[in-house]
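Here's the structure we're looking at; comments come further down.
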Amino acid sequence: MPEKKLSVNRASLGHRIGYALRHPDRVPRHLSRAARDLWLRRTSPDHVSYYRAVMRSDTRAGPDAAVGSGSRERWMALGALQFDYLVGHGLRPEHRMLDIGCGNLRGGWRFVRHLDPGHYYGIDISPDILFAAQETIVRMDLRDRLPVLTPVRDLTLRFLPDSHFDVVHAHSVFSHSPLPVVEECLANVGRVLAPGGWFDFTFDRTEGKEHQVLREDFYYRTETLLALAGRHGLRAGFMDDWERLPHGQSKIRVFRQP
Ligand SMILES: C[S@@+](CC[C@H](N)C(=O)[O-])C[C@H]1O[C@@H](n2cnc3c(N)ncnc32)[C@H](O)[C@@H]1O
């Protein structure tokens, strides 16, 4: 099971030196990623454009790795984990689902297969990963399920209808998002949630100082995210049962206040 190192500040010089000494083989890859990210940051006007460029570069190298899975086996297992959890919490075929940052449908293809045709709606800032998502639909023979896959520039969700989605889901998205992006989502998700619907998101949790690495990986304290959700009129709770699963991130669920 991936260990959650909750007090580590991965941005600190001490941690970085220690990590490099423990894993000298990973240093060249880290340096090339840092150089690429420096360049992409200079040429991107904002975080979303920057991260879209990161995804373009990563997807070219391989879509599964771009969403964080080093092998097809891991991709399948991570998708099953997301799917089994939500079905265990009551996701039914008649539900309408919005999958924010759906990637190449690692979890998504299972949701598409489970839900009634037309009930899966995936959005992502990266057109490149959405092309890969279309390939997943073909490979898994799910054309008849008619999923919607839409590129977005932001998380205002303003083109989506009120009170529509029973389940909104963002897996490994806020772990790559600065707080204003997380806040934009929390400020707007309540409007699209159906009565009784819920929004689950994962995040990289720290119990120390909040920090980020290379503007790609963001570490938040639980109370920061719970308070942010509360400020936008949402009722939020930490999902203890998710902690027992083999996944390095934590999960929060929010509901629209009645
Ligand atoms: C680590 S991948 C996870 C993909 C998918 N949720 C899964 O679990 O396989 C993160 C995805 O979120 C997308 N993403 C990152 N920031 C986003 C944002 N602000 N709005 C929408 N999508 C975003 C990325 O393009 C990428 O496809």
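The values are calculated or read from the model by the stated rules, or taken from the named source; none is laboratory data. No experiment lies behind these values; they were computed from the predicted model shown. Here Cβ is always computed from backbone atoms with ideal geometry, including for glycine, and neighbour counts include all displayed protein chains. Note: accessible area is taken over every heavy atom of the protein model, side chains too, but ligands, DNA and RNA are not part of it. Shrake-Rupley method; radii C 1.70, N 1.55, O 1.52, S 1.80 Å.
List of remarks:
- Per residue, the solvent-accessible area of region 40-169 (1.4 Å probe, heavy atoms of protein chains only, all protein chains present) comes to 46 Å².
- For the chain: rounded, prolate or oblate by the Cα gyration tensor [a/c cutoff 1.5]: prolate
- Charge context of V54, other residues only, Cβ under 10 angstrom, K/R +1, D/E -1: +3
- Added length on full extension, which subtracts the Cα-Cα distance from 0.36 nm per residue, H89 to A227: 47.3 nm
- Computed extension length for R60-H15: 13.2 nm, one decimal, from 0.36 nm per residue of separation with the Cα-Cα distance subtracted.
- Taken along the Cα-to-beta-carbon direction at a fixed 7 Å, the label points for H47 and F131 span 2.7 nm.
- Region 77-132 - Debye-derived log10 I(q)/I(0), Cα point model, q = 0.14, 0.17, 0.18 Å⁻¹: -0.34, -0.50, -0.56
- Phi angles across region 132-138 convert, under the Karplus curve 6.51 cos²θ - 1.76 cosθ + 1.60 with θ = phi - 60°, into 3J(HN,Hα) values of 5, 5, 4, 4, 4, 4, 5 Hz, Gly and Pro given as x.
- Carbon/sulfur fraction of accessible area - the chain, other protein chains in place, 1.4 Å, %: 54
- Whether region 44-161 is rounded, prolate or oblate, judged on the alpha carbon gyration tensor where a/c under 1.5 counts as rounded: oblate
- When you filter the GluC sites (Glu not before Pro) in region 1-110 for DSSP loop state and at most 16 other Cβ atoms inside 10 Å of their Cβ, you are left with E3, E94.
- Label-point separation in nm, R22 to R143, each point 7 Å along Cα→Cβ: 4.9
- Pairwise label distance in nanometres, S163 with S32, each label 7 Å out on the Cα-Cβ vector: 5.3
- Computed extension gain for D240 through S71, at 0.36 nm per residue and net of the alpha carbon distance, reaches 58.1 nm.
- Selection of trypsin sites (Lys or Arg not before Pro), region 181-223, meeting DSSP coil and at most 15 other Cβ within 10 Å: K209
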